[in-house]
Every structure is written in structure tokens, then in C-alpha cells.
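**Student:** Can you read through this structure? Questions will come right after.
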Amino acid sequence: MTSAHPKQSLNLLAPVTGLITPIEKVPDPTFAQKMVGDGVAIDPASERLVSPCDGKVTQLHSAGHALTVTTKGGLEVLMHIGLETVNLKGKGFKPQVSQGQEVKTGDPLIDFDADYIIHNASSLITILVITNTELASGFLPGSGFAEAGKTEVLEVLLKEAPTETKASTDFALSSDPIVILNPSGLHARPSAVLVNHAKQYKSNITIQKEDGTKGNAKSVVSLMGLEIKSHDRVIIHAEGEDAKEAIETLAPLLASGLGENIHGVPSQEPQLKPEKKVSEDPNVLLGVSASPGQAIGKIFQLRYQEIAVVKKGKGPEEENKQLKEAIIAAREELKELQQSMRLKAEAGKAAIFSAHEELLEDPALLSDATNGINAGESAAYAWQKAFSAQADKLSKLNNELLAGRANDVRDIGRRVLSRLTGASTAKPDLPDSAILVAEDLTPSDTASLDRSKVQGFAITGGSATSHASILARAASIPAIAAIEDRALDIPTGTPAVLDGDKGELRLNPSAEEVTAIKELQKKSHEQRKMELADAQMSSQTTDDHRVKVVGNIGGLSEAEEIPPLGGEGVGLLRSEFLFLQRSVAPDETEQAAVYTSIAKVLGPDRDLVVRTLDVGGDKPLAYMPLPEEMNPFLGIRGIRLNQLGTDLFKSQIRAILSAAPFTKLHIMFPMVTTADELKEAKSLVLAEKEALGITQDVKIGIMVEVPAAALTSDILAKEADFFSIGTNDLTQYTLAIDRGHPRLAKMADALHPAVLRLIDRTVKAAHDNGRWVGVCGGIAGDTQAGPVLIGLGVDELSVSGGSIPTIKAMVRRQSFSECQEIAQKALQMATSTEVRQFLAQITSQHDLRRVNINKT
């Protein structure tokens, strides 16, 4: 990567060895949306961070995971090792420099323990960004595999620094002291959110700690340099014509956590991942669950056959030509493979092989191979040596993530090598009911497994996050990764049971165990096959009582699954997916495009129920700070967001209404407690509907998820066209149990008689007013609970897409009159345990109609 204007640009070298990744693909919106700055990311294959340029270390975080090197020209180069690594509190990091130290390109900055980080943070991916992007006119990122301190990864096009203008001090204001409640203080993510907002104002804005030190609120580096910790007190100072507006916006934003959940999140040391267990039973081998499910069969030891190559080449020109042609052919193979997967709606699998396509262009691989060819080696020999060296380098750290990347390199290496040598790519002749055992499987191997013969696989390498595991889950192949090495010594033909859920391989199972598992598998398979075959059938009971079954979705791809699975519409579109994990709210046009696309997929004969934005509590938004609340789950959330007076609510309503011409549109408001809240929101919908000239009928309903709504459902039913009961929140509010509580969550059962009585009351009130009632909470997909909900008179069950055929089949097995008797029995019971025991006794029968309810 070279610049056409060398005097106006700065080339930064790789701070770590690894595969370059576009900053936009980093799985963290703070970096992906360039809130911190612009640059690149690298998936590390080394354990040392080096300086990408000459400069001074102007900021070194106390947790040792991030630092900034500032160049002589003032460019701030921030490097951040891993994601969520601030929570490691310094463990796994050994800084080799101190703040204020001058460094040269390639000098060691931080040594880190990649294996520890992989196990205790969300990602090892390392970020390199320019934080003061105003000094640059553009950024040219590199691609391929980079070597630390040698490969150029980012070219920064510089522009002349603007002339400084001093803000007027006629408008100098300060905030009241603010307590920082972020569990890890102001690390990169919250700092970036604050900077993003501060840059909207012309005033000079600084953050001051109690010790008097100040930092520029428009600089991530400056803020991180303050080392603001949790529970520190700070003051915001602003000087300029819009100082008042800046303080009024930034102070509550800072106090509310800048988009982080600051309520009930203790600042604690991360828990270490337990070491892999080794079974003492010679017939039991342990690993980690890579893909769920059970497999019965016989062990088949799978080994790679080495491809023979000739070392001496026929001359550089001929060998380089052969290599080029082999890479082109391999690329075409990968394109065809991706296209085939996309046609099968397997976009996730296709993305893996898209990454392989990029590896074919890796400059380090190509350079090493070309150097070997120019030294007289054959293309096959040079290529084999090059990709083997790169794979070995990646796997030396012996951690899960890097081992997976090494396997990808071997996969594309063998693909090209087969083209160069003409070696057969035919798979070994597998026996029926094979349980494969291997050191590892490449993504290509996994994607091409013959499902008619392969029941499952166990590999000594890999992990639950490796590409082989991802592909196994996509294909529903039970699999175990990181199994004990002695698995490679099991004789081919040994009978075995592979339990992908437990990560356990059992050898020589008893005949009784095999028979029981096979019978269970057979019944499960036959039942699912029948459910799918009958998915388009109407869901009505044996005595002709109709219950609609619809889907809960969170985006377009999930909407596309509903019609083929027999879904009669969408009972809950969670619109939050458009608003979460981003720095700015989606505009009306973006929202309208998504809602309209979903409506067109469903068509004019199916319902689409769109729940308006439901955030607050456990789903804060960085760009919509809420005032600090003692208990946010009892504060501003759901429909109460309308009280903030922002345009966000109105904009969403207009966007949703744009879908009305294409489907049976329903708008649903969450967390409604009073009739006044509903009337106000309803009037807004009707006004916008008229303003937009929407003539189609649009139904307006509410989520019943607080006891107050259930208890006054007779009043609310006079205003709402329909009710949808959100049993997850209704249960936690009724029982006063946080459904996410580690010790109490199991007690938050929607089959508690108190919750069932609220459902019963709501259904009766709705039907008395000619309204229909749905249930969209988790209990709607619980087949055991189905008879109770049907018996209470629930008109619609809204479940995840994959559960639609199962729930429709469950409805068709019931008798409505008997479900009514069951429901009345359940209402009189004392505990959810008693209700579940009662239902278990009923559902264990092959035919519900034969149950003598009076004797239970």
C-alpha cells in the first residue's frame, strides 16, 4: 500500500500479526460505527502489541489493554486489545512502556496472554484507530495477513490543521458534580459515546475530576487519559455560545451511563473458564458441546491423506502461471459454493467461505509462495510450504480462536494444492451410521459431510466457536469439540453414543441404552416430520375451536420463515432490532423500508403486529439517555417513552403506517398501565394516519404485561382493538421476581395460578367487548401449557418461527371442552409446581380425550 502523496499521508504498520478485518465488521458498534475513530482491526496471531509508528505514548490505560501513541504531527493512534477487556482489570496484559515514553516503529508496547483473553473476554480482535479524525481527509485500510511492525495496514491521508479559534468565555458554565456509575468507569465505549455527543457543540467542553485534572470531552484519548473510575465525581465545563445546551444534554447522558447498564451490575473480577475435565471412565470421553443432539453409531477414524508434491519446479514463469490458475479455480469453486448456500438460505455458512475467498488474496501467503517458486521450487511445493507455515504460526498459541483460524488456512491451502497436483478430492468411503473422530475438520469437510451416513463427529481440536462447529449446528449434526486426545486411539468400528448436548462420547453402550435412544429419536423425528407435513393445516381443536398460531420475529430474515412453516402471520415484531447497537436512531425512511419489506413477505392475508419501541430497563439506548432511576424496570420504558416529548415515537408511528397497504397491519403499544396512556398514543396514530392519507384499516392494541392492565382490562378493552399478553413481564411483575435473577428465576413460572387468573380475567374482559386476545410470551410455545391457554379462551398463540408447526399440531390434538375443564382445575391450584404436575399427568397420555379429569 503506497500513497500518491507521500508528504500528505502517514502509513501505519501492523501493531500485531494477524488477519486484517475492516473496522465496520468489528462486533461492537462503538468501533464498527467509528464512534471512537476510523481505522482497521486485526485478528491477532501474536501476543505482543508493537508501535505502528514513531511517537509518544500519551495515554496508557490502567487495565493495560489500551494505549495511545501520538505522532509528531499530533495524530492520535489508539490501540485497543480485545473487546470488553477493560473488565479483566489488567489480568493478561503486561505493558512494556510507560506514559510519556518516546517510541519508535516496531517497539514493544504491550505483551498479552491471548489464551487468557479468549477465555475471559468477548473477543481478542485488536483495534487500531485514529481518534482525532478531523486531522485526516481520508483513510485507506489494508487487507490480508499482516506481520507486526512490517506490513502497512492503514494509510492516513492528512490535511492541514485548521486555525484554532478560541471560544468566547462570555458563556462559561459548569455542571453540578456527577457520579460516574459505569462499572468499569469511562473506558473506550462510554467515552466514545460522550465524545460523539460533545462534538455536536461549538463550545470548548472539558471534563474535570475531583483532583483538578481535566480532559477534552471531544477526544476519546483525552477522556481515557483521565482514568475516570466507577464512582468518581466529575464536573462538565463548557465555554462558548451553546454552553448551556451542551451542559443540559451531556450531564444527564453522563449520569445515566452513556448507554451502559449501570443498574445492578456489580464491578467484579471475571470468572475464569474451568479447565477441561478428563473422564476417569475408560468408556466415557469428555469434550465441549459443539452442536446439540444425540448420535448412535460406530466410530470411524478420519485422517487426512498427505498430498505428495515434487520439490523442483520447471521454471518460475511456468510455476507462477500454474499457481495463479489454481488460485483462480479455487476462487470459482468458493463462489459456486457460496451461491449454492445462499440459494438454500444458508447465508451464515456462505459467509465462512467468503472469508476463505479473502484468504486466497493474502499477501503473506502469496509472497512466501512466490519467493519459493523464484528460488526454483515447484508451485505445489512452495504453496504447501507457505500455507503450512502460516497455519502453524497461527496455531502455536494453542487457543481456541487461533486454532480455528489456522484450520481455515489449511482448508484453502489444500483446496489450491489439490488443483495444483491433480490430487483426488474424493471423500473416503464412509460406513453407515458413522461417528467421525478426527484431530480436526476443515469447514469444507464439515459442509460436505454425507448426512445419510454421518451421524455425528468428535474432534480433538477446535472449539464451540470454530467454523466446523458453526457449520455443524447449521446442519443439525451432533458434534463435540476439544475431546480428550485418547479419542484418536479408539478402534474404528467401536459402538458409541455421542451426546452433543453434554459434550460426552460413550463407548460400548448397552443394548438397552441404544434401544431407548433410538426409540426416542425415531419418535421425535417422525413427530417433527408429521408436524412439518401438516404445517399448512388450520389449527383448530377436535371440536372445531379455532386458535391462530403466528410468529414472534425480530427482523426480515425471520419474517421470511413464517409462511413456509405455516404461520398465519406475525403476532409480535420486536421493533427494537432497528434501534439497538447503534450510535444514532434510525430515520423514518430506514424504518419504513424494513417494515414495508416484512409486510410484503407476509402478504395481504396475514396479520402483522408491530410492537412500538420497547426500551429502558434492560435495553438502554446510547443516543436516548434516560434520567437516572432507582429501578428502571419500574420507570420510563415502553409506552412511557412517549412522555419524553421526543420525535422518535412519532417518527416510528409514521414508518410503521407505511406498511398498511401491504398487509393486515396492527400497531401494539408495550407497558400500558392506564387508559389515558392508550388514548394519547391512539390519537397520535389516528392523526398521523390521516396526515399520510392511509385508507387501510389499522388495528391498535396493547401488550398486557403489568397487573394493572390485566385488572382494568375491561376498561382498556373499550379503547384497544386487541390484547397481546406478554407473560414474561406479567409474571415477573406479578410475582415480584426478576426473571434474570440467578437464584429466583426458576420460580418465575407463568403457570403460577396468580398469573393464570390475570390471563383469565383479561380474556373474559376482551371477549365481553368483542376483542381478541393473544399470548406472545414464552409460555405460548410451551406445549405442556397449551391446553390451559386454549381452555382460558386465548385466541392466538405467538411463538418462535421453528415452533409454529409443533404448536399447531398441539392445538389439533386438543378438545376445547376438555381444555376448558383443565383450565378451571389449574385456576384453583395453589402453586405452579402443582399446575405443572397436573399437566404432565395429562400430556403423558396418548389421547387427551381419554383422560378422566374428575379423577385427577
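The values are calculated or read from the model by the stated rules, or taken from the named source; none is laboratory data. Just so it is clear, the model here is predicted, and its values are computed rather than measured. Glycine also receives a Cβ, built like all others from the backbone with ideal geometry; neighbour counts cover every protein chain displayed. The area values use the complete protein model at the heavy-atom level, side chains included, leaving out ligands, DNA and RNA. Shrake-Rupley method; radii C 1.70, N 1.55, O 1.52, S 1.80 Å.
Here is a yes/no grid of residues against (1) part of a loop (DSSP other than H, G, I, E, B); (2) open to solvent by less than 30 Å² (accessible area, probe 1.4 Å); (3) at pLDDT 90 or above:
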{"site": "VAL36", "(1), (2), (3)": "yes, yes, no"}
{"site": "CYS53", "(1), (2), (3)": "yes, yes, yes"}
{"site": "THR58", "(1), (2), (3)": "no, no, no"}
{"site": "GLY82", "(1), (2), (3)": "no, yes, yes"}
{"site": "LEU109", "(1), (2), (3)": "no, yes, yes"}
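**Student:** How about the stretch 156-195: which of its residues are part of a strand (DSSP E or B) and either in contact with a Pro (Cβ under 9 Å, 6 or more places away or on another chain) or modelled with pLDDT of 80 or more (or both)? Working first, answer last.
**Tutor:** Quick first cut of the stretch 156-195, residues part of a strand (DSSP E or B) only: 156-158, 172-174, 178-179.
Listed by number, the residues that qualify are VAL156, LEU157, LEU158, LEU173, SER174, ILE178, VAL179.
**Student:** Would you mind finding the one in LYS199, LYS209, LYS218 that is free of Cβ contacts under 8 Å to residues at least 40 places away in the same chain, out of contact with any Ser or Thr (no Cβ under 6 Å at 6 or more places or on another chain) and buried (at least 20 other Cβ atoms within 10 Å of the Cβ)? Walk me through how you get there before you give the answer.
**Tutor:** Working: LYS199 fails: buried (at least 20 other Cβ atoms within 10 Å of the Cβ); LYS209 fails: buried (at least 20 other Cβ atoms within 10 Å of the Cβ).
Only one candidate passes the filter, namely LYS218.
**Student:** Among the residues of the stretch 97-107 satisfying the criterion of being outside any strand (DSSP E or B) and open to solvent by 20 Å² or more (accessible area, probe 1.4 Å), which is nearest to GLY18 (Cα to Cα)?
**Tutor:** So the first thing to find is which residues in the stretch 97-107 are outside any strand (DSSP E or B), and the list is 97-101, 104-107.
Pick out the ones that are also open to solvent by 20 Å² or more (accessible area, probe 1.4 Å) and you get 98-101, 104-107.
Working: SER98: 25, GLN99: 26, GLY100: 28, GLN101: 26, LYS104: 21, THR105: 17, GLY106: 15, ASP107: 17 Å.
So the residue we want is GLY106.
**Student:** Kindly list the number of the only condition in (1) touching a Leu at 6+ places or on another chain (Cβ under 9 Å); (2) among the small types (Gly, Ala, Ser); (3) modelled with pLDDT of 95 or more that fails for GLY726.
**Tutor:** Looking at each condition in turn, GLY726 falls short on (3).
**Student:** List pairs: first residue in the stretch 431-449 and within 23 Å of GLY413 (Cα to Cα), second residue part of a helix (DSSP H, G or I) and β-branched (Val, Ile, Thr) anywhere in the structure, Cβ distance under 7 angstrom, at least six positions apart or on different chains.
**Tutor:** Taking only residues 6 or more apart or on different chains, the pairs are PRO443/ILE352.
**Student:** Test GLN696 against the criterion of being out of contact with any Cys (no Cβ under 9 Å at 6 or more places or on another chain) and open to solvent by less than 60 Å² (accessible area, probe 1.4 Å), and give yes or no. Spell out how you get there, then give the answer.
**Tutor:** On the way: out of contact with any Cys (no Cβ under 9 Å at 6 or more places or on another chain): yes; open to solvent by less than 60 Å² (accessible area, probe 1.4 Å): no.
No; evaluated as a whole, the condition is false for this residue.
**Student:** Can you tell me which condition THR446 does not meet? The list is (1) under 22 Å from LEU285 (Cα atoms); (2) open to solvent by 50 Å² or more (accessible area, probe 1.4 Å); (3) modelled with pLDDT of 75 or more, and all the others hold.
**Tutor:** (2)
**Student:** Here is a follow-up. Got a number for residues in the stretch 487-507 being farther than 14 Å from PHE300 by Cα and over 29 Å from the mean Cα position of the chain (by Cα)? Reasoning before the result, please.
**Tutor:** Applying the first criterion (farther than 14 Å from PHE300 by Cα) to the stretch 487-507 yields 499-504, 506.
Still in the running and over 29 Å from the mean Cα position of the chain (by Cα): 506.
Residues that pass the stated criteria total 1.
**Student:** Quick check on the stretch 734-768: of everything there that is closer than 18 Å to LEU572 by Cβ and at pLDDT below 95, which residue is least open to solvent (accessible area, probe 1.4 Å)?
**Tutor:** If we take residues in the stretch 734-768 being closer than 18 Å to LEU572 by Cβ and at pLDDT below 95, then ALA750 is least open to solvent (accessible area, probe 1.4 Å).
**Student:** Right, another one. Looking at (1) touching a residue at least 24 places away in the same chain (Cβ under 8 Å); (2) open to solvent by less than 30 Å² (accessible area, probe 1.4 Å), which is the one condition that is false for ALA32?
**Tutor:** Checking ALA32 against (1) touching a residue at least 24 places away in the same chain (Cβ under 8 Å); (2) open to solvent by less than 30 Å² (accessible area, probe 1.4 Å), the one that fails is (1).
**Student:** Which condition breaks for LYS523 when tested against (1) within 30 Å of VAL811 (Cα to Cα); (2) modelled with pLDDT of 85 or more; (3) of a type in the set (Lys, Arg)?
**Tutor:** (2)
**Student:** Next question. Looking only at the stretch 392-409, filter to residues that are surrounded by fewer than 20 Cβ atoms within 10 Å (Cβ to Cβ) and out of contact with any strand residue (DSSP E or B) (no Cβ under 9 Å at 6 or more places or on another chain); which one of those is modelled with the highest pLDDT?
**Tutor:** Among those that are surrounded by fewer than 20 Cβ atoms within 10 Å (Cβ to Cβ) and out of contact with any strand residue (DSSP E or B) (no Cβ under 9 Å at 6 or more places or on another chain), it is ASP392.
**Student:** From the residues in the stretch 782-797 that are at pLDDT 95 or above and outside any helix (DSSP H, G or I), which one is farthest from ALA765 (Cα to Cα)?
**Tutor:** It comes out as LEU797.
**Student:** Taking into account only those residues within the stretch 330-377 that are outside any helix (DSSP H, G or I) and open to solvent by less than 10 Å² (accessible area, probe 1.4 Å), which is modelled with the highest pLDDT?
**Tutor:** Looking at the filtered set, the residue picked out is LEU360.
**Student:** Write out, first by first residue and then by second, each pair whose Cβ atoms fall under 6 Å of each other, whose residues are 6+ apart or on separate chains, and whose first residue, in the stretch 721-735, is farther than 14 Å from ILE702 by Cα while the second is modelled with pLDDT of 90 or more and open to solvent by less than 10 Å² (accessible area, probe 1.4 Å).
**Tutor:** Short answer, once both residue conditions are applied: THR731/VAL755; THR734/VAL755.
**Student:** Condition test on VAL497, is it crowded, with 20+ Cβ neighbours inside 10 Å and under 30 Å from PRO670 (Cα atoms)? Spell out the reasoning first.
**Tutor:** Working: crowded, with 20+ Cβ neighbours inside 10 Å: yes; under 30 Å from PRO670 (Cα atoms): no.
Judged against the criteria, VAL497 is not a match.
**Student:** Filter the stretch 559-609 down to residues that are assigned to a helix (DSSP H, G or I) and among the hydrophobic types (A, V, I, L, M, F, W, C), then give me how many there are. Explain how you work it out, then say what you get.
**Tutor:** Going through the stretch 559-609, the residues assigned to a helix (DSSP H, G or I) turn out to be 559-561, 563-565, 575-578, 588-602.
This time we only want the ones that are among the hydrophobic types (A, V, I, L, M, F, W, C), so: 559, 565, 577-578, 592-594, 598-599, 601-602.
Count: 11.
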